[in-house]
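The structure appears right after this line, and notes come after that.
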Amino acid sequence: MNSKRGFTTTILHADRLTKPEHGALHKPIHTSVTYGYDDVQDLVDIFQNKKKGYAYSRQGNPTVSALENKVTLMEKGLSTIAFSTGMAAITATIMALIKRGDHIIASSYLFGNTRSVFQTFIDMGLDFTFVDATSVDNVRSELRESTKMIFVETIANPATQIVDLAAIGDLCQQKDIIYMVDNTMTSPYIFRPIDVKASLVINSLTKYIGGHGNALGGSVTDTGLFNWENFANIFEGFKKQVKPEVLGITQIRKKGLRDSGGTLAPEAAHSISVGSETLALRMERACTNAFSLATFFEGHPHIKKVYYPGLKSHPQHEIAHHLFLKYGALMSIELDNSIDCFEFLNKLKLVVKSSNLGDTRTLAIPVAHTIFNEIGPQKRAEMGISDSMIRLSIGIEDIDDLLHDFKSALGESKSPK
Ligand SMILES: *Cc1c(COP(=O)(O)O)cnc(C)c1O
């Protein structure tokens, strides 16, 4: 693929340029679970990583590969593996690369389910330290001899903290530590973690990349920047079979995807692929909508606080301005005491009360009562989540309709004309 082509052009033509049969523009949905070979040597070579091909669909499928190729192009990486969900991608990648005795430093501002599975890993004997990663100094002071990985998100959900992305990347490179960045909230259109020296990039394909709330999926992309040859946990058998640069991704595919079984279905891969064609268009629109709404909320007398990286008042606005193409489409707000949070939400007619994010439709959820209910008040406080916080995932509706809905719910405007 001509790497000079733009983001959208590249994705639109990615399938076609691999020449699917009959001149199809989309990679077809291949439903075969297994693949047969006339010469058994071909099958053996695939098993021994000597030849590319498909054996059993749990660890590879042509339709899924076509999507993996697109994510690799979007992230400007080396190689990608898709999973059934974003959580499967995170879980399987850590399972594949980390052993007992290893230490991981993770941002304390994490997606709730990621925090939950990390607690499961702790209960199983892995060592985690959670730090306020908005400053690299907090990360550096927790480094140990056994630190194998640093895990962060780009824009945290729901309070939109942005970690010290570039400085942590420098630190990881200097210390030869895997830098795993969850890019879900920004998407590769707004930000590419390879630009801050990430080793592995996670995307929940369910969110912006798929974009329509109609398919679950996840991915991990190897940027090619980490030197796997010296990484202690690489399985000896792989070292004899594959080139050093693909050791990491091979281990994640075999030990991670194959063993966990978190495989993406080809039908879902197709839906996500089609959705990804308009990622740039949707992000442009959703981010513009989000910026307008954040500005409206910030000036509103009944809104106590707005969390949005695009606002100058945001503590990491400068980082966002410097690193991201846009400021994202997720924000949180806190109402003042004169408005009941549930009453406000129930007055919204257009905005959907729902837990997803990155949909084409605007979604709202009271955070402390739902997605962050399980972890309790103390951890919520540590993560900067107040009881009256409402998270908004801004969609691509017409901005006047969104403004009207929020204004009505805030008690400003009468019924529509
Ligand atoms: C949603 C999300 C995930 C998990 O993705 P699923 O596809 O829902 O499993 C991981 N990280 C972040 C930042 C997310 O928003």
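Laid out as a table, the results:
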quantity: Flag for Pro315 being touching a Ser or Thr at 6+ places or on another chain (Cβ under 6 Å), farther than 30 Å from Gly60 by Cβ and outside the structural domain of Thr80 (by TED's automatic domain parsing); calculated: no
quantity: Scan of segment 119-177 for residues that are crowded, with 24+ Cβ neighbours inside 10 Å and acidic (Asp, Glu), ordered by number; calculated: Glu153
quantity: Helices (runs of 4 or more DSSP H) enclosed by segment 21-107 - at least 3 residues per element that are touching a helix residue (DSSP H, G or I) at 6+ places or on another chain (Cβ under 9 Å) and within 16 Å of the ligand (Cβ to nearest atom); calculated: 62-75, 86-97
quantity: Flag if Ala268 is within 13 Å of the ligand (Cβ to nearest atom) and either surrounded by fewer than 24 Cβ atoms within 10 Å (Cβ to Cβ) or more than 21 Å from Cys287 (Cβ to Cβ) (or both); calculated: yes
quantity: Evaluation of Gly411 against (1) part of a helix (DSSP H, G or I); (2) exposed (fewer than 13 other Cβ atoms within 10 Å of the Cβ); (3) of a type outside the set (Val, Ile, Thr) (one fails), failing number; calculated: (1)
quantity: Of residues in segment 304-337 being among the β-branched types (Val, Ile, Thr) and touching a residue at least 40 places away in the same chain (Cβ under 8 Å), the one farthest from Thr362 (Cα to Cα); calculated: Ile319
quantity: Of the criteria (1) more than 16 Å from the ligand (Cβ to nearest atom); (2) of a type outside the set (Lys, Arg); (3) out of contact with any His (no Cβ under 8 Å at 6 or more places or on another chain), which one Ile339 fails; calculated: (3)
quantity: For Met1: the one exception among (1) in contact with a strand residue (DSSP E or B) (Cβ under 9 Å, 6 or more places away or on another chain); (2) aliphatic (A, V, I, L, M); (3) modelled with pLDDT under 95; (4) farther than 23 Å from Ser260 by Cα; calculated: (1)
quantity: Lys70 being in the same structural domain as Val242 (by TED's automatic domain parsing), among the charged types (D, E, K, R) and modelled with pLDDT under 95; calculated: no
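The values are calculated or read from the model by the stated rules, or taken from the named source; none is laboratory data. Remember, predicted model here, so these are calculated numbers, not experimental data. Positions of Cβ are backbone-derived with ideal geometry, glycine not excepted, and every protein chain shown enters the neighbour counts.
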